[in-house]
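Quick notes on the structure that follows.
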Amino acid sequence: MTEWPATPAEAIAVQEKLRGLVEPTDAGKTPRYVAGLDVAYDGDRLAAAVVVLDRETLAEVDRAVVNGVTTFPYVPGLFAFREVPALLAALEQLTITPELLVCDGHGIAHPRRFGLACHLGVLTKLPAIGAAKTTFVGTHRELAEERGAWAELVDGGEVVGAAVRTQDGVKPVYVSVGHRVRLETAIDHVLRLAPRYRLPETTRRADRACREGLLG
DNA sequence: GCGACAG
DNA sequence: ATCTTGTCGC
(Lines give C-alpha, C1' and ligand atoms only; values in the text may rest on other atoms or scores of the structure.)
Protein backbone atom coordinates (compact mmCIF):
# COMPACT_ATOMS: atom_id res chain seq x y z
CA MET A 1 0.00 0.00 0.00
CA THR A 2 1.41 3.31 -1.05
CA GLU A 3 -0.60 5.70 1.05
CA TRP A 4 -0.38 4.56 4.67
CA PRO A 5 -0.39 6.85 7.71
CA ALA A 6 1.15 6.16 11.08
CA THR A 7 -0.65 8.81 13.10
CA PRO A 8 -4.22 10.10 13.36
CA ALA A 9 -3.18 13.43 11.87
CA GLU A 10 -1.69 11.71 8.83
CA ALA A 11 -4.75 9.49 8.51
CA ILE A 12 -7.05 12.50 8.40
CA ALA A 13 -4.87 14.02 5.70
CA VAL A 14 -5.23 10.83 3.65
CA GLN A 15 -9.01 10.96 3.98
CA GLU A 16 -9.10 14.56 2.84
CA LYS A 17 -6.96 13.74 -0.11
CA LEU A 18 -8.98 10.72 -1.24
CA ARG A 19 -12.48 11.99 -0.53
CA GLY A 20 -12.63 13.82 -3.84
CA LEU A 21 -12.34 10.52 -5.68
CA VAL A 22 -15.67 9.17 -4.42
CA GLU A 23 -18.23 8.67 -7.20
CA PRO A 24 -21.76 8.75 -5.73
CA THR A 25 -23.41 7.56 -8.94
CA ASP A 26 -24.21 4.18 -10.45
CA ALA A 27 -21.45 2.63 -12.54
CA GLY A 28 -21.75 -0.60 -14.47
CA LYS A 29 -24.71 -2.94 -14.54
CA THR A 30 -26.56 -4.71 -11.78
CA PRO A 31 -23.95 -6.81 -9.98
CA ARG A 32 -24.14 -10.57 -9.97
CA TYR A 33 -21.41 -11.16 -7.40
CA VAL A 34 -21.78 -9.25 -4.16
CA ALA A 35 -19.30 -9.42 -1.31
CA GLY A 36 -19.67 -9.05 2.43
CA LEU A 37 -16.61 -7.92 4.39
CA ASP A 38 -15.89 -8.04 8.11
CA VAL A 39 -13.07 -8.29 10.65
CA ALA A 40 -12.97 -10.01 14.05
CA TYR A 41 -10.45 -9.37 16.82
CA ASP A 42 -8.78 -11.15 19.70
CA GLY A 43 -6.39 -8.77 21.36
CA ASP A 44 -3.76 -7.87 18.78
CA ARG A 45 -4.75 -10.64 16.44
CA LEU A 46 -7.40 -10.22 13.76
CA ALA A 47 -9.09 -12.19 11.01
CA ALA A 48 -10.54 -10.48 7.94
CA ALA A 49 -13.11 -12.20 5.77
CA VAL A 50 -14.68 -11.56 2.38
CA VAL A 51 -17.56 -13.78 1.35
CA VAL A 52 -18.90 -13.55 -2.20
CA LEU A 53 -22.54 -14.38 -2.86
CA ASP A 54 -24.64 -14.65 -6.00
CA ARG A 55 -27.03 -11.72 -5.67
CA GLU A 56 -29.96 -13.71 -7.08
CA THR A 57 -29.71 -16.92 -5.09
CA LEU A 58 -27.60 -15.68 -2.17
CA ALA A 59 -25.51 -18.81 -2.62
CA GLU A 60 -21.85 -18.49 -1.67
CA VAL A 61 -19.53 -18.63 -4.67
CA ASP A 62 -16.19 -17.69 -3.10
CA ARG A 63 -14.54 -16.66 0.13
CA ALA A 64 -11.20 -15.64 1.58
CA VAL A 65 -10.09 -15.26 5.19
CA VAL A 66 -6.73 -13.85 6.23
CA ASN A 67 -5.17 -13.63 9.68
CA GLY A 68 -3.00 -10.76 10.84
CA VAL A 69 -2.30 -8.30 13.62
CA THR A 70 -3.69 -4.84 14.34
CA THR A 71 -1.60 -1.97 13.02
CA PHE A 72 -3.81 0.97 13.92
CA PRO A 73 -5.93 1.64 17.03
CA TYR A 74 -9.66 2.12 16.89
CA VAL A 75 -10.31 5.83 16.63
CA PRO A 76 -13.85 6.97 15.75
CA GLY A 77 -13.61 8.47 12.26
CA LEU A 78 -10.45 6.55 11.43
CA PHE A 79 -11.91 3.10 11.64
CA ALA A 80 -10.90 2.24 8.07
CA PHE A 81 -7.21 2.43 8.87
CA ARG A 82 -7.68 -0.45 11.26
CA GLU A 83 -9.47 -2.76 8.82
CA VAL A 84 -8.53 -1.85 5.26
CA PRO A 85 -5.10 -3.54 5.06
CA ALA A 86 -6.41 -6.96 6.09
CA LEU A 87 -9.52 -6.61 3.96
CA LEU A 88 -7.48 -5.74 0.88
CA ALA A 89 -5.31 -8.80 1.52
CA ALA A 90 -8.43 -10.96 1.70
CA LEU A 91 -9.82 -9.43 -1.50
CA GLU A 92 -6.62 -10.33 -3.31
CA GLN A 93 -7.09 -13.98 -2.39
CA LEU A 94 -10.43 -14.21 -4.17
CA THR A 95 -10.85 -16.14 -7.40
CA ILE A 96 -14.05 -14.31 -8.30
CA THR A 97 -13.91 -10.52 -8.39
CA PRO A 98 -16.98 -9.09 -6.65
CA GLU A 99 -18.98 -6.38 -8.41
CA LEU A 100 -20.22 -4.81 -5.18
CA LEU A 101 -18.68 -4.55 -1.72
CA VAL A 102 -21.11 -4.43 1.20
CA CYS A 103 -19.09 -3.04 4.09
CA ASP A 104 -19.72 -3.35 7.82
CA GLY A 105 -19.62 0.38 8.60
CA HIS A 106 -20.41 3.67 6.88
CA GLY A 107 -19.57 5.23 3.53
CA ILE A 108 -20.09 8.97 3.26
CA ALA A 109 -22.15 9.02 6.47
CA HIS A 110 -18.92 10.05 8.16
CA PRO A 111 -17.57 13.30 9.67
CA ARG A 112 -15.32 13.88 6.63
CA ARG A 113 -17.57 11.95 4.24
CA PHE A 114 -15.00 9.20 3.83
CA GLY A 115 -15.81 6.14 5.88
CA LEU A 116 -14.70 2.53 5.40
CA ALA A 117 -16.94 1.85 2.39
CA CYS A 118 -15.57 4.88 0.53
CA HIS A 119 -12.02 3.94 1.39
CA LEU A 120 -12.36 0.36 0.14
CA GLY A 121 -14.27 1.46 -2.93
CA VAL A 122 -11.77 4.11 -3.97
CA LEU A 123 -8.73 1.89 -3.38
CA THR A 124 -10.18 -1.09 -5.27
CA LYS A 125 -12.20 0.98 -7.78
CA LEU A 126 -15.10 -1.38 -7.09
CA PRO A 127 -18.67 -0.30 -6.35
CA ALA A 128 -19.11 -0.21 -2.56
CA ILE A 129 -21.78 0.62 -0.01
CA GLY A 130 -21.87 0.96 3.75
CA ALA A 131 -24.40 -0.96 5.87
CA ALA A 132 -23.97 -0.15 9.57
CA LYS A 133 -25.81 -1.25 12.69
CA THR A 134 -25.78 2.18 14.34
CA THR A 135 -25.43 5.77 13.19
CA PHE A 136 -22.19 7.66 13.44
CA VAL A 137 -23.27 11.07 12.19
CA GLY A 138 -26.67 12.39 11.17
CA THR A 139 -30.28 12.16 12.29
CA HIS A 140 -33.45 10.96 10.62
CA ARG A 141 -37.20 11.15 11.07
CA GLU A 142 -39.03 8.18 12.51
CA LEU A 143 -39.82 5.58 9.90
CA ALA A 144 -42.77 3.24 9.40
CA GLU A 145 -42.56 -0.19 11.04
CA GLU A 146 -42.80 -2.15 7.82
CA ARG A 147 -39.91 -3.75 5.97
CA GLY A 148 -38.86 -1.45 3.13
CA ALA A 149 -39.57 1.81 4.97
CA TRP A 150 -36.68 4.26 4.98
CA ALA A 151 -35.77 7.83 5.85
CA GLU A 152 -32.94 10.10 4.80
CA LEU A 153 -30.01 10.36 7.19
CA VAL A 154 -29.08 14.05 7.31
CA ASP A 155 -25.90 15.60 8.69
CA GLY A 156 -24.83 19.20 8.42
CA GLY A 157 -27.74 19.87 6.10
CA GLU A 158 -26.82 17.17 3.62
CA VAL A 159 -28.22 13.73 2.93
CA VAL A 160 -25.44 11.31 3.83
CA GLY A 161 -27.36 8.07 3.85
CA ALA A 162 -30.59 6.37 4.87
CA ALA A 163 -32.09 4.53 7.83
CA VAL A 164 -33.64 1.41 6.29
CA ARG A 165 -36.07 -1.01 7.91
CA THR A 166 -35.10 -4.40 6.55
CA GLN A 167 -37.69 -6.41 8.51
CA ASP A 168 -40.99 -5.50 10.16
CA GLY A 169 -40.44 -4.02 13.60
CA VAL A 170 -36.64 -4.32 13.76
CA LYS A 171 -34.18 -1.48 14.30
CA PRO A 172 -33.11 0.12 11.02
CA VAL A 173 -29.85 -0.54 9.19
CA TYR A 174 -27.90 2.56 8.18
CA VAL A 175 -27.04 2.57 4.50
CA SER A 176 -24.72 5.01 2.76
CA VAL A 177 -22.90 5.48 -0.51
CA GLY A 178 -19.38 4.12 -0.62
CA HIS A 179 -18.29 4.39 -4.25
CA ARG A 180 -19.86 4.09 -7.69
CA VAL A 181 -23.36 3.43 -6.35
CA ARG A 182 -26.08 5.99 -5.71
CA LEU A 183 -28.01 5.95 -2.46
CA GLU A 184 -31.30 4.60 -3.81
CA THR A 185 -29.47 1.75 -5.48
CA ALA A 186 -27.59 0.99 -2.27
CA ILE A 187 -30.89 0.83 -0.37
CA ASP A 188 -32.28 -1.55 -2.97
CA HIS A 189 -29.26 -3.83 -2.65
CA VAL A 190 -29.54 -3.96 1.13
CA LEU A 191 -33.23 -4.81 1.02
CA ARG A 192 -32.66 -7.59 -1.47
CA LEU A 193 -29.75 -8.95 0.54
CA ALA A 194 -31.80 -9.01 3.74
CA PRO A 195 -34.87 -11.13 2.87
CA ARG A 196 -35.13 -12.73 6.29
CA TYR A 197 -32.94 -11.06 8.90
CA ARG A 198 -32.15 -7.51 9.94
CA LEU A 199 -28.62 -7.50 8.49
CA PRO A 200 -27.74 -8.27 4.87
CA GLU A 201 -26.80 -11.89 4.24
CA THR A 202 -23.41 -10.66 3.04
CA THR A 203 -22.67 -9.09 6.42
CA ARG A 204 -23.96 -12.07 8.39
CA ARG A 205 -21.85 -14.57 6.51
CA ALA A 206 -18.72 -12.44 6.56
CA ASP A 207 -19.19 -12.01 10.30
CA ARG A 208 -19.32 -15.75 10.81
CA ALA A 209 -16.40 -16.35 8.47
CA CYS A 210 -14.02 -13.98 10.25
CA ARG A 211 -14.95 -15.33 13.69
CA GLU A 212 -14.16 -18.83 12.51
CA GLY A 213 -10.94 -17.58 10.99
CA LEU A 214 -9.90 -16.25 14.36
CA LEU A 215 -10.05 -19.72 15.87
CA GLY A 216 -8.56 -22.15 13.35
C1' DG B 1 -15.57 23.02 28.46
C1' DC B 2 -18.28 18.42 28.38
C1' DG B 3 -20.03 14.40 26.22
C1' DA B 4 -20.49 11.36 22.08
C1' DC B 5 -18.14 8.60 19.09
C1' DA B 6 -18.85 3.13 12.71
C1' DG B 7 -16.30 -1.54 14.72
C1' DA C 1 -14.96 -5.02 18.55
C1' DT C 2 -15.50 -7.78 23.06
C1' DC C 3 -17.07 -9.22 27.94
C1' DT C 4 -21.85 -12.47 28.77
C1' DT C 5 -27.53 -15.73 31.07
C1' DG C 6 -31.54 -16.00 30.71
C1' DT C 7 -35.58 -14.96 28.41
C1' DC C 8 -39.47 -13.42 25.39
C1' DG C 9 -41.51 -14.55 20.89
C1' DC C 10 -42.38 -16.89 16.42
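The values are calculated or read from the model by the stated rules, or taken from the named source; none is laboratory data. Bear in mind that the values here come from a model prediction, so they are computed numbers and not experimental data. FYI the Cβ positions are ideal-geometry reconstructions off the backbone, even for glycines, and counts take in every protein chain you see.
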* Return yes when residue A:128 is closer than 20 Å to residue A:23 by Cβ, among the hydrophobic types (A, V, I, L, M, F, W, C) and within 16 Å of DNA strand C (Cβ to nearest atom) and no when it is not. => no
* Which residues, counting only those in the range A:122-170, are more than 12 Å from DNA strand B (Cβ to nearest atom), in contact with a helix residue (DSSP H, G or I) (Cβ under 9 Å, 6 or more places away or on another chain) and among the small types (Gly, Ala, Ser)? -> A:148, A:162
* Just to be sure, is residue A:42 within 16 Å of DNA strand B (Cβ to nearest atom) and either at pLDDT below 95 or more than 26 Å from residue A:3 (Cα to Cα) (or both)? -> yes
* If only one of A:203, A:124 is closer than 15 Å to residue A:36 by Cα, touching an Asp or Glu at 6+ places or on another chain (Cβ under 6 Å) and surrounded by 17 or more Cβ atoms within 10 Å (Cβ to Cβ), which one is it? -> A:203
* Looking at (1) assigned to a loop (DSSP other than H, G, I, E, B); (2) more than 23 Å from residue A:90 (Cβ to Cβ); (3) β-branched (Val, Ile, Thr), can you tell me which one residue A:181 breaks? -> (2)
* **Residue check, residue A:149 of a type in the set (Gly, Ala, Ser), modelled with pLDDT of 95 or more and farther than 25 Å from residue A:76 by Cβ** => yes
* **Matching entry among A:66, A:61 (being without any contact (Cβ under 8 Å) to a residue 40 or more places away in the chain, outside any loop (DSSP other than H, G, I, E, B), more than 25 Å from residue A:163 (Cβ to Cβ) and away from DNA strand B (no atom under 15 Å from the Cβ))** => A:61
* Restricting attention to the range A:51-69, which residues are aliphatic (A, V, I, L, M) and within 18 Å of the chain's Cα centre (by Cα)? -> A:51, A:52, A:53, A:58, A:64, A:65, A:66
* Looking only at the range A:131-139, decide whether some residue is part of a strand (DSSP E or B), surrounded by fewer than 18 Cβ atoms within 10 Å (Cβ to Cβ) and away from DNA strand C (no atom under 16 Å from the Cβ). => yes
